[in-house]
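Following: one structure in structure tokens, then a few remarks.
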Amino acid sequence: MVVKVEFKALNLHAGVQEETIIKFVKDAQNDADKGEVWLFFDEINTCNHIGLLSELIAHRTLEGKQIHPNIRLFSAYNPYCIHTKSVSDAGLQTKVKMYDERSRLVYQVKPLHDQILDYVWDYGVLQQEDEKKYIHIMLQVQLPKELLNHQVLADLLFASQEFIRKAEESYSVSLHDIKRFIKLIKFFYDHLKSRPTRKKLSDEKVKPAKYPQTGKGKPSLLMRSYILALGLCYHSRLYEKELRFRYKQEIIKIFSKYVIFNLQMFDSILREEQEDYIK
């Protein structure tokens, strides 16, 4: 680490309990006797305990007591942004203005307390070249070598991020989507490797073949994992058929630089996975 201090991070969300935050800080208090400790609270305005966090940040107190002087506090928050483009016209429509506005929020967030507004700094969004570098680093660090076709993955992810930004909003995707994609690749690859053959259904005459099938003319487990992860992270969030078609064309163009790949293969990978779950 560049600054040679202990760094601890806590990812916050609506389900985080107050006890979790208190324990996180108290554990750091014990370590602070040995030297400087940096605490990072991610997405502070997505949890229900903004008062507790405001007390920590503005007054450096926890439960009314001063925290250790060796503790440094950092946090990030999600901006209060309303979708300017319609995400979808489908579903029930609300007539209550408060609920309608909340449903159009890019992030479900709580308002920040006045006492910490002076500490807020807007760093803007990542530049394209910086995002590319982060994507490369995240793939290299978080994916095992057997799952890493480094260049094609980086190209697929960068193109996917850009496509969603153009289809939705400039802030509709972030590095969280990259993190989610990496988790899904690992899940699908491990699951497909060890997936048992399903039981025969009552209306089936022959025993079902093992899924997924591999070999000549069939997508590899790695390619399936890539497509299924892209399908969940990006393809499925596009609400118009035309947008989904254009997204698939972008992905096929990138894949085709490295392997034989077409629209039918993309669709069949998604469909076969869905059918295996349903059956």
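For this structure, a couple of remarks:
- Residue-level check: of (1) over 16 Å from the mean Cα position of the chain (by Cα); (2) over 17 Å from Leu156 (Cα atoms), Phe187 misses just (1).
- Looking across the range 212-240, just one residue is open to solvent by 20 Å² or more (accessible area, probe 1.4 Å) and closer than 10 Å to Ile185 by Cβ, and that is Leu222.
Table: residues versus (1) in contact with a strand residue (DSSP E or B) (Cβ under 8 Å, 6 or more places away or on another chain); (2) within 25 Å of His176 (Cα to Cα); (3) assigned to a helix (DSSP H, G or I).
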{"residue": "Ala9", "(1), (2), (3)": "yes, yes, no"}
{"residue": "His13", "(1), (2), (3)": "no, yes, no"}
{"residue": "Ile21", "(1), (2), (3)": "yes, yes, yes"}
{"residue": "Lys26", "(1), (2), (3)": "yes, no, yes"}
{"residue": "Gln29", "(1), (2), (3)": "yes, no, yes"}
{"residue": "Leu39", "(1), (2), (3)": "yes, yes, no"}
{"residue": "Asn48", "(1), (2), (3)": "no, yes, no"}
{"residue": "Leu56", "(1), (2), (3)": "yes, no, yes"}
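- Checking each residue in the range 116-150 for being of a type in the set (S, T, N, Q) and in contact with a helix residue (DSSP H, G or I) (Cβ under 9 Å, 6 or more places away or on another chain) picks out Gln128, Gln140, Gln142, Asn149.
- Residues of the range 118-172 satisfying the condition of being at pLDDT 90 or above and β-branched (Val, Ile, Thr): Ile135, Ile137, Val141, Ile164
- Pairs with Cβ under 8 Å, 6+ apart, first in the range 34-56 and on the phi > 0 side of the Ramachandran plot and surrounded by fewer than 18 Cβ atoms within 10 Å (Cβ to Cβ), second modelled with pLDDT of 90 or more and not aliphatic (A, V, I, L, M): Gly35/Glu6; Gly35/Asn70
- Of all residues making up the range 161-183, the number that are open to solvent by 60 Å² or more (accessible area, probe 1.4 Å) and either part of a helix (DSSP H, G or I) or free of Cβ contacts under 8 Å to residues at least 40 places away in the same chain (or both): 5
- Any hit, the range 184-203, residues being surrounded by 13 or more Cβ atoms within 10 Å (Cβ to Cβ), touching a Ser or Thr at 6+ places or on another chain (Cβ under 9 Å) and in a loop (DSSP other than H, G, I, E, B): no
- Leading residue by the ranking (nearest to Ser256 (Cα to Cα)) among those in the range 127-160 that are part of a loop (DSSP other than H, G, I, E, B) and of a type in the set (S, T, N, Q): Asn149
- Cβ pairs under 8 Å, 6+ apart, first in the range 234-247 and within 19 Å of Gln161 (Cβ to Cβ), second basic (Lys, Arg) and open to solvent by less than 80 Å² (accessible area, probe 1.4 Å): His235/Arg244; His235/Lys248; Leu238/Arg244
- Scoring Gly124 on the criteria (1) at positive phi; (2) not in a loop (DSSP other than H, G, I, E, B) leaves a single failure, condition (2).
The values are calculated or read from the model by the stated rules, or taken from the named source; none is laboratory data. All of these numbers come straight from a predicted model, not from anything done at the bench. Here the Cβ is made from the backbone with ideal geometry for all residues, glycine too, and neighbour counts use every protein chain on show. Surface accessibility is based on the protein's heavy atoms, side chains included, excluding ligands, DNA and RNA. Shrake-Rupley method; radii C 1.70, N 1.55, O 1.52, S 1.80 Å.
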